[in-house]
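To start, the structure itself, in structure tokens.
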Amino acid sequence: MNYIILVVIVIAIFGSVMVAALAKEFRHAFLVPEGYAGLLYHKGKFVEILGAGRHIRWGRYFTLAAQDLRKGALLVAGQEVLTADNVGLKLSLVVNYQVTDPAKAAHESQNWQGDLYNGAQLALRAVVGGVAVEALLNQRVEIGSQLLARVQPEAAKIGINVLAVEVKDVMFPAELKRAFADVLKAKQEGQAALERARGESASLRNLANAARVLEGNPALMNLRLMQSLSAAQNAGSTLVLGMPGGFVPLKNGKSRPAPEAPAEG
């Protein structure tokens with residue numbers, strides 16, 4: 001009886017070990033992080049897309065590849081391009097994107113980031129080649145929209161949604177920088193001269209208006225003279241008035257005697 005029980009126990013243990021071994025061999029648990037998609041393959045063939053979470057699959061030869069679905073930015077480093085007026089510039093771009101079809105991104109392109117980079121390069125040359133330098137500086141937002149319109153359809157073919165394309169930096173040759181600096185300086189000097197001329201014109205108009213008012217109202221001249229005398233007294237200044245009998249200097253509100261005329265010989 002004890003022998004039979006022992007055999008049953010051994011069989012049960014062996015069965016448990018076999019079940020565990022088979023489960024380990026045929027049961028696969030896959031974890032897909034949040035913000036990613038899991039591409040499930042069976043014997044190298046794509047099966048399905050797995051969302052974030054834990055997934056159990058039974059069988060053999062399963063593999064999983066994770067694809068990032070979060071928004072990202074691709075920097076297109078400075079590119080040498082010629083404008084419509086044959087000026088060589090170096091521009092850099094920022095391409096904002098998001099993977100919307102992970103299976104297509106993985107299967108339609110060997111390197112979808114490289115394809116996106118090259119597409120942005122080609123679009124930049126096509127757009128900037130039809131724009132003059134001055135327009136390029138004043139229309140950076142519009143140029144970004146044109147680049148987006150060119151890059152977006154091509155990116156969609158490989159499962160990428162391009163959200164925005166922006167011109168990050170515009171680098172000019174040294175001689176062109178000096179030319180722009182000279183133009184800017186000339187504009188600023190002209191603006192300053194114009195403001196000075198406007199100020200002088202306003203001052204002259206005020207003086208002309210004051211002269212007309214004084215000419216029609218002689219009493220105002222006397223009032224203005226008294227104000228000047230009062231201001232000179234308060235400031236401790238010397239005010240000299242020309243009078244028919246000579247000059248009468250006034251200082252601190254007190255008059256000085258007029259100088260005597262030289263005696264005749």
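Leaving out ligands and nucleic acids, note down the accessible area per residue over segment 45-141 with a 1.4 angstrom probe, in whole Å².
About 56 Å² of surface per residue is accessible.
Given a cut-off of 20 Å, name the pairs among Lys45/Lys104; Lys43/Lys71; Lys104/Lys168 whose C-alpha atoms lie farther apart than that in the structure shown.
Values: Lys45/Lys104 14 Å; Lys43/Lys71 31 Å; Lys104/Lys168 29 Å.
In this structure, Lys43/Lys71; Lys104/Lys168 lie more than 20 Å apart at Cα.
Work through the residues other than Gly78 whose Cβ is under 11 Å from its Cβ and net out their charges, Lys, Arg +1 and Asp, Glu -1.
On the way: positive: Lys90, Lys168; negative: Glu80, Asp169.
My count for the surroundings of Gly78 gives 0.
Arrange the peptides 133-141, 156-164 so that the one whose residues have, on average, the most other Cβ atoms within 10 Å appears first.
Numbers: 133-141: 14.3, 156-164: 17.9.
Top to bottom by mean Cβ count within 10 Å: 156-164, 133-141.
Could you give the length gained by full extension between Glu48 and Ala126, i.e. 0.36 nm per residue of separation minus their alpha carbon distance, to one decimal place?
Details: separation 78, 0.36 × 78 = 28.08 nm, distance 3.87 nm.
The Glu48-Ala126 span can extend by a further 24.2 nm.
Whole number please: convex hull volume per residue, Cα atoms of segment 21-141, in Å³.
About 109 Å³ per residue, rounded to a whole number.
Would you mind getting the Kirkwood hydrodynamic radius of segment 32-96 from its Cα pairs, rounded to one decimal in Å?
One decimal place: 15.4 Å for the Kirkwood radius.
For segment 156-172 and segment 76-94, what is the separation of their Cα centres, given in Å?
Between the Cα centre of segment 156-172 and that of segment 76-94, the gap is 14 Å.
Taking a 1.4 Å probe, which of His107, His42, His55 shows the most accessible area, and what order do the others take after it?
Result, largest first: His107, His42, His55.
Would you tally the net charge around Val47, using a Cβ to Cβ cut-off of less than 15 Å, leaving Val47 out, and scoring K and R as +1, D and E as -1?
On the way: positive: Lys43, Lys45, Arg57, Arg60; negative: Glu48.
Around Val47, the surrounding residues sum to +3.
The values are calculated or read from the model by the stated rules, or taken from the named source; none is laboratory data. Note that the structure is predicted; figures quoted are calculated from it, not measured. Please note: Cβ atoms are built from the backbone with ideal geometry, for glycine as well, and neighbour counts cover all protein chains shown. Each accessible area value is taken on the protein alone, full model and side chains, heavy atoms only, with ligands, DNA and RNA left out. Shrake-Rupley method; radii C 1.70, N 1.55, O 1.52, S 1.80 Å.
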